[in-house]
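**Q** Just passing along the structure, written as structure tokens.
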Amino acid sequence: MTPSEPPVAAAPVRPQLLRPREGVQPTTSTELFFDLVFIFTITQLSHYLLAHLDWRGAGRTALLLALVWFVWVYTTWVTNWLQPDQGPVRTMLIGVTLGSLLLSAAIPEAFGSTGLLFAVVYVTVQVGRTMFSLWAVQGSPWLVAGFRQSLPWIAGTSLLMLLGGLVGGAAREAVWAAVIVIEVVGLSIGYPLPRRGRSRPERWMVEGGHLAERCAAFVLIALGESILVTGSTLTSHVDLVTSGAFLLAFGGSVALWWVYFARSASAATEVIAQAGERTGALSRVAFNYLHPVIVAGVVVTSAADERLLREPGAPATTVDVLLTLGGPALFLAGHAAYKALLWRTLPISRLTAVVVLLALMPVGVVLGAPVAVCAAVALAVTVAVILTDRASARRASQSRGPRSPLR
């Protein structure tokens, strides 16, 4: 990692709270403890989707996922700059962990009776963490400037969050959707303010390898939650048919893990760690915008697996087909965009798989194929992506010498 450094010497007021910039920084036990809450979060989101299997429920699940992701990813950016094992930072992270747990607990009725609680906790975490960070980085000009730019925007979206918590029904959906749009646009344009200009990503002093590893850990947590859900569902009714369905679901989780981690994860960490001044801009798109799509694919797949274990032989409804084929399609689409961003090439195998899965959706609905057959098809398509990757790597190894991890 070669981060952009300030042109003048900086004198941090609290240097012990700042992470050193010496290669890829390891994930600390404090960060891992923070992550544990999000196992519960993913479970809550997949169960919310299962309880609201219509387009409105899917949209609401997406809204909740985006809001929760903002809490997680902005905290991860903060720990990219601050040392998590220092007392004040650790205390802040424990507070954010508690807030994240309350957010997760409020998810089932977030568009009903617990909406205001969800909003209040969200605002407390987002504003409180930003103000703490501004205090912690005093004396580091570019970090101070970045947090000063973002704080008014976060305060503005916080007011909207509270407004959404006070209203109900479609109004809450619209207001919280506006929060997400403003957050995305604000970050994209560098949180511009009058007479201050905007925050430029090349000046964010990001250690990209750490962010890549943190997001990979979140994907692993999401996949682990999917396995936990299928395992707990299996224990309620163990027989030969359900065990076969469990193997299908487990195979699907393994295949998604293989697609993300077998080659791309370590190579992506290396690419982002060596991106220099491009690190901030790459990280913004890769981790704030694209990884929630990948996680959404896991959430949908988890919901599909639970339905698979309940009735593996039942004819697939439209909802079953959308979940079973749509989850892997969403995951592969997000990962395709991630690879395209980092390596500036089209990941043909993933894009082809997405097209195939989408094309098979109406076929599955018309034929009324059993849910287990739809799951097997989704698994076969994902395995085809893995085999294609291996074949490409083998050809690259034969033509160029040592195997390239980027294929």
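The values are calculated or read from the model by the stated rules, or taken from the named source; none is laboratory data. The shown structure was predicted, so the numbers you read here are calculated from the model rather than taken from an experiment. A quick note on method: Cβ atoms are made from the backbone with ideal geometry, for glycine too, and the neighbour counts reach across all protein chains shown. Keep in mind that these areas ignore ligands, DNA and RNA; they rest on the heavy atoms of the full protein, side chains included. Shrake-Rupley method; radii C 1.70, N 1.55, O 1.52, S 1.80 Å.
**Q** Looking at GLU22, GLU109, which one is charged (D, E, K, R) and closer than 27 Å to GLY139 by Cβ?
**A** The conditions single out GLU22.
**Q** What's the number of the condition ARG344 fails, among (1) in contact (Cβ under 8 Å) with a residue 12 or more places away in the chain; (2) among the charged types (D, E, K, R); (3) over 19 Å from LEU223 (Cα atoms)?
**A** The failed condition is (1).
**Q** Grab the helices (runs of 4 or more DSSP H) fully contained in the stretch 267-383, keeping just those with 1 or more residues being among the aromatic types (Phe, Trp, Tyr).
**A** 318-343
**Q** Are any of the residues in the stretch 148-155 touching a strand residue (DSSP E or B) at 6+ places or on another chain (Cβ under 9 Å), open to solvent by 20 Å² or more (accessible area, probe 1.4 Å) and of a type in the set (Lys, Arg)?
**A** yes
**Q** Look at VAL167 and say whether it is under 17 Å from VAL285 (Cβ atoms), β-branched (Val, Ile, Thr) and open to solvent by 30 Å² or more (accessible area, probe 1.4 Å).
**A** no
**Q** Now for a separate question. Under the condition of being among the hydrophobic types (A, V, I, L, M, F, W, C) and touching a Leu at 6+ places or on another chain (Cβ under 9 Å), which residue from the stretch 14-38 is surrounded by the fewest Cβ atoms within 10 Å (Cβ to Cβ)?
**A** Checked the stretch 14-38; the qualifying residue surrounded by the fewest Cβ atoms within 10 Å (Cβ to Cβ) is PHE33.
**Q** Can you tell me which residue is nearest to PRO192 (Cα to Cα) among those in the stretch 126-145 that are open to solvent by less than 20 Å² (accessible area, probe 1.4 Å) and in contact with a Ser or Thr (Cβ under 7 Å, 6 or more places away or on another chain)?
**A** Selected residue: THR130.
**Q** Restricting attention to the stretch 125-143, which residues are outside any loop (DSSP other than H, G, I, E, B), touching a residue at least 24 places away in the same chain (Cβ under 8 Å) and touching a Pro at 6+ places or on another chain (Cβ under 9 Å)?
**A** PHE132, ALA136, PRO141, TRP142, LEU143
**Q** With over 20 Å from the mean Cα position of the chain (by Cα) and crowded, with 16+ Cβ neighbours inside 10 Å as the only criterion, which of LEU63, LEU53, LEU67 stands out?
**A** On inspection, the qualifying residue turns out to be LEU53.
**Q** Of all residues being of a type in the set (Ser, Thr, Tyr), surrounded by 19 or more Cβ atoms within 10 Å (Cβ to Cβ) and closer than 25 Å to SER133 by Cα in the stretch 174-231, which is modelled with the highest pLDDT? Just the residue, please.
**A** TYR191
**Q** Of the residues that make up the stretch 39-47, is at least one touching a residue at least 60 places away in the same chain (Cβ under 8 Å), within 26 Å of VAL184 (Cα to Cα), of a type in the set (Phe, Trp, Tyr) and surrounded by 21 or more Cβ atoms within 10 Å (Cβ to Cβ)?
**A** No, that holds for no residue.
**Q** Next question, about the same structure. Take GLY334 and decide whether it is surrounded by 22 or more Cβ atoms within 10 Å (Cβ to Cβ), over 26 Å from the mean Cα position of the chain (by Cα) and under 30 Å from LEU50 (Cα atoms).
**A** no
**Q** List pairs: first in the stretch 299-311 and closer than 17 Å to GLY251 by Cβ, second not aliphatic (A, V, I, L, M) and not in a helix (DSSP H, G or I), Cβ under 9 Å, 6+ apart or cross-chain?
**A** Here the result reads LEU309/SER236; LEU309/HIS237, each pair linking the stretch 299-311 to a residue that is not aliphatic (A, V, I, L, M) and not in a helix (DSSP H, G or I).
**Q** Report yes if GLY146 is of a type outside the set (Val, Ile, Thr), under 26 Å from ARG14 (Cα atoms) and free of Cβ contacts under 8 Å to residues at least 40 places away in the same chain, otherwise no.
**A** No, not satisfied.
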